[in-house]
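The values are calculated or read from the model by the stated rules, or taken from the named source; none is laboratory data. Computed from a prediction, not measured in an experiment: that's the story for all the values here. When we count neighbours, we look across all protein chains shown, and the Cβ atoms used for this are built from the backbone with ideal geometry, even at glycine.
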Amino acid sequence: MAAEPLGGRPSDLRGKRIAGYLVESEIGRGGMAVVYLARDLRLDRPVALKLLAPELARNDVFRQRFAHESKVAAAIDHPHIVPVFEAGETDGLLYIAMRYVPGQDLRALLDRTGPLPVETAARIAAQVASALDAAHAHDLVHRDVKPGNILVAEGTDSEHPEHVYLTDFGLTKKSLSLTGFTSVGQFVGTLDYVAPEQISGKPVDARCDVYSLGCVVYETLTGSPPFRRDDDMALLWAHQFDPPPAVSSRRPGLPAAVDEVLAKALAKSPDDRWSSCLEFTGALRRAGAESDPQPGAPPPPPRWALPVLGGYDAG
Ligand SMILES: Nc1ncnc2c1ncn2[C@@H]1O[C@H](COP(=O)(O)OP(=O)(O)O)[C@@H](O)[C@H]1O
Ligand SMILES: [Mg+2]
């Protein structure tokens, strides 16, 4: 796949050397950092070089959060989490070098293609779920699951058409821990995927990622997140108190079972949600398959055959 930079924005860092890396082009920008395609000069291979935005580099909270991100991502060795090669500081610039993932993030993919087939949505969600459950097993909560933090690369074969990575562990927090990395910049980005308990300031645990993943899946299936409101306050209110519209109301033809699976992911109370991300995405896959029965699967027996097949019932 061509390493075409997203947006192709010119950048003053292009051609500059940062530590052992030569910056080639900008590939993405988030709330906190700019990500460049760069060349690792020692190993002569492409890397994604993430740099803390210079305007944030003087702020200790952001510096700590950035350093924290590199440690968290490096601590989890998982096929759906981008491997970190190195992190450091040079000339006042904080950087993380990680595997360059050719492709696009799910935000760009959805903007380009619109809603995805149920099967594709379930496949992508399952890979993100696998990464999240692994983070949760380390007692880490991602807290910023959204399409811009999901990278979709070409898969290995026809059975695995895409390989998905979860990125951006900048807001990750130890489950239930109330220390450090609080409010500053917590809501710098979009509010479309934020869980009710994050809004009300209650302690968050893995189940807030289940909610956010639910919002992402909802958008992957319908083209927009569950709640659309004119302003942030109304959106925050909706996450906390409004029932999410059934997915099938925005995409007619989806099996009712998919509605139920999504409703459980988007429950207001964490206790009412799926207890893990993979439990959620497994149910999603099974529910989606109902709309499209496997060719060759035998149809259920007709009613008149039941006495024969299910034991004779003379009544
Ligand atoms: N390893 C990578 N390979 C390719 N592109 C990446 C990589 N990491 C991030 N990106 C791109 O850069 C964007 C911003 O990266 P992200 O880690 O989410 O930073 P931020 O904390 O600023 O949101 C992503 O949405 C994605 O498009
Ligand atoms: Mg991001």
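Laid out as a table, the results:
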quantity	calculated
Residues within the range 65-104 that are within 16 Å of ligand 2 (Cβ to nearest atom), among the charged types (D, E, K, R) and more than 18 Å from the chain's Cα centre (by Cα), tallied	1
Unique match (being within 16 Å of ligand 1 (Cβ to nearest atom), under 17 Å from ARG285 (Cα atoms), under 17 Å from the mean Cα position of the chain (by Cα) and part of a strand (DSSP E or B)) among VAL128, VAL164, VAL152	VAL164
Single residue of ASP60, ASP44, ASP40 found to be surrounded by fewer than 19 Cβ atoms within 10 Å (Cβ to Cβ), touching a residue at least 24 places away in the same chain (Cβ under 8 Å) and away from ligand 2 (no atom under 16 Å from the Cβ)	ASP40
Leading residue by the ranking (nearest to TYR95 (Cα to Cα)) among those in the range 63-78 that are surrounded by fewer than 21 Cβ atoms within 10 Å (Cβ to Cβ) and without any contact (Cβ under 8 Å) to a residue 40 or more places away in the chain	ALA67
Positions within the range 193-218 being polar (S, T, N, Q) and touching a residue at least 60 places away in the same chain (Cβ under 8 Å), in sequence order	SER212
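Residue-wise test of (1) crowded, with 18+ Cβ neighbours inside 10 Å; (2) modelled with pLDDT of 95 or more; (3) β-branched (Val, Ile, Thr).
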{"site": "PRO115", "(1), (2), (3)": "no, yes, no"}
{"site": "LEU140", "(1), (2), (3)": "yes, no, no"}
{"site": "VAL152", "(1), (2), (3)": "yes, yes, yes"}
{"site": "PHE169", "(1), (2), (3)": "yes, no, no"}
{"site": "LYS173", "(1), (2), (3)": "yes, no, no"}
{"site": "GLN198", "(1), (2), (3)": "yes, no, no"}
